[in-house]
Protein chains: 2
Amino acid sequence: MGQKAFQDYYPDHFSHCYGCGRLNEHGLHLKSYWDGADSICTFSPSPFHTAIPGYVYGGLIASAIDCHCTGTAAAATYRAEGRAMDTEPRLRFVTASLHVDYLRPTPLGIPLEIRGQVKEVGKRKVVVAALVSARGQVCARGEVVAVLVPEHLLPDGASKDPIGVKERES
Amino acid sequence: MGQKAFQDYYPDHFSHCYGCGRLNEHGLHLKSYWDGADSICTFSPSPFHTAIPGYVYGGLIASAIDCHCTGTAAAATYRAEGRAMDTEPRLRFVTASLHVDYLRPTPLGIPLEIRGQVKEVGKRKVVVAALVSARGQVCARGEVVAVLVPEHLLPDGASKDPIGVKERES
């Protein structure tokens with residue numbers, strides 16, 4: 001798509017996620033982008049990401065919804081604050097709750113589209129709904145309640161406030 | 001634990017699941033057992049299954065809940081029918097919906113315990129709640145609505161009824 005993905009703006013410390021971290025060499029490297037008011041992620045499961053043969057593993061679908069929605073939560077907050085994703089403080093959301101309804105078996109072997117819709121943007125909490133489609137047919141829908149990374153998860157480094165939590169609270 | 005896991009009773013065709021299939025060489029090989037009225041699964045995430053460094057990836061927690069609860073759904077149905085898991089028809093449940101509340105960050109590097117509690121056993125639908133703990137502290141709780149594998153997912157082979165769906169409906 002040319003532009004940087006939401007996840008590519010995460011500070012290094014927050015870029016080791018198995019689902020979407022650019023620094024996790026074993027990970028899925030999910031990437032999310034804006035598509036108008038919605039967010040979008042295209043992802044091709046591997047042949048071994050199977051549930052029943054021919055269909056995608058449900059835990060992988062949950063993972064894709066999870067990372068796409070937390071990335072969307074960050075992007076939506078930057079957007080609500082009227083600033084670019086490369087400005088400080090950097091934002092990283094984690095998942096408070098995840099819900100997935102598996103509507104039909106998701107075929108394996110074709111790219112999946114995960115489309116996010118921002119439902120609510122609070123100060124530290126964002127709600128994002130998601131639809132997972134294969135060849136235009138919705139196979140699963142989900143919802144994530146995402147919260148800004150709490151302070152006790154910040155790295156013990158020179159900077160105690162790499163994502164600006166203290167700055168935001170002051 | 002000595003005894004066979006719930007998932008080891010799945011017919012071969014249904015044993016390719018990335019989360020719990022014994023025939024998926026790339027998979028997680030989650031294994032579930034009875035522990036009295038509850039079911040239990042112990043699982044050690046890999047070092048790369050990280051969310052934020054030091055903590056377990058939420059999508060992996062969702063995956064563990066998913067496979068443990070669908071396995072428990074099958075085991076609970078055999079138990080409700082008063083028969084052993086090696087008797088016909090064999091049962092395989094899939095996930096209709098999955099919900100996870102992440103209560104606190106789950107530490108990486110120690111075994112996790114997923115404890116399932118059967119909430120409801122219907123003819124084709126079973127509801128299982130789960131608690132995910134690390135060192136005795138509950139880090140996440142989940143609930144899965146599991147349904148018996150629908151007929152259109154059965155393999156096209158000599159046997160059109162390897163898990164006894166038709167037999168059960170007749």
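The values are calculated or read from the model by the stated rules, or taken from the named source; none is laboratory data. A quick note: this is a predicted structure, and the numbers were derived from the prediction, not measured. Please note: Cβ atoms are built from the backbone with ideal geometry, for glycine as well, and neighbour counts cover all protein chains shown. These area figures cover heavy atoms from the full protein model, side chains too; ligands, DNA and RNA do not enter into them. Shrake-Rupley method; radii C 1.70, N 1.55, O 1.52, S 1.80 Å.
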Can you tell me which residues in region B:17-50 are of a type in the set (Phe, Trp, Tyr) and more than 10 Å from chain A (Cβ to nearest Cβ)?
B:Tyr33, B:Trp34, B:Phe43
In a strand (DSSP E or B), open to solvent by 10 Å² or more (accessible area, probe 1.4 Å) and within 24 Å of A:Tyr102 (Cα to Cα) - does that describe any residue in region B:81-91?
no
Does region A:5-27 hold any residues that are assigned to a loop (DSSP other than H, G, I, E, B), open to solvent by less than 30 Å² (accessible area, probe 1.4 Å) and not hydroxyl-bearing (Ser, Thr, Tyr), and which are they?
A:Ala5, A:Pro11, A:Cys17, A:Gly19, A:Cys20, A:Gly21, A:Asn24, A:Gly27
Go over the candidates B:Ala80, B:Ala84, B:Ala75, B:Ala130 one by one and state the one that is at pLDDT 95 or above and either within 14 Å of chain A (Cβ to nearest Cβ) or under 30 Å from B:Thr50 (Cα atoms) (or both).
B:Ala130
Facing chain B (nearest Cβ under 7 Å), open to solvent by 10 Å² or more (accessible area, probe 1.4 Å), not hydroxyl-bearing (Ser, Thr, Tyr) and not in a strand (DSSP E or B), is that true of A:Pro53?
yes
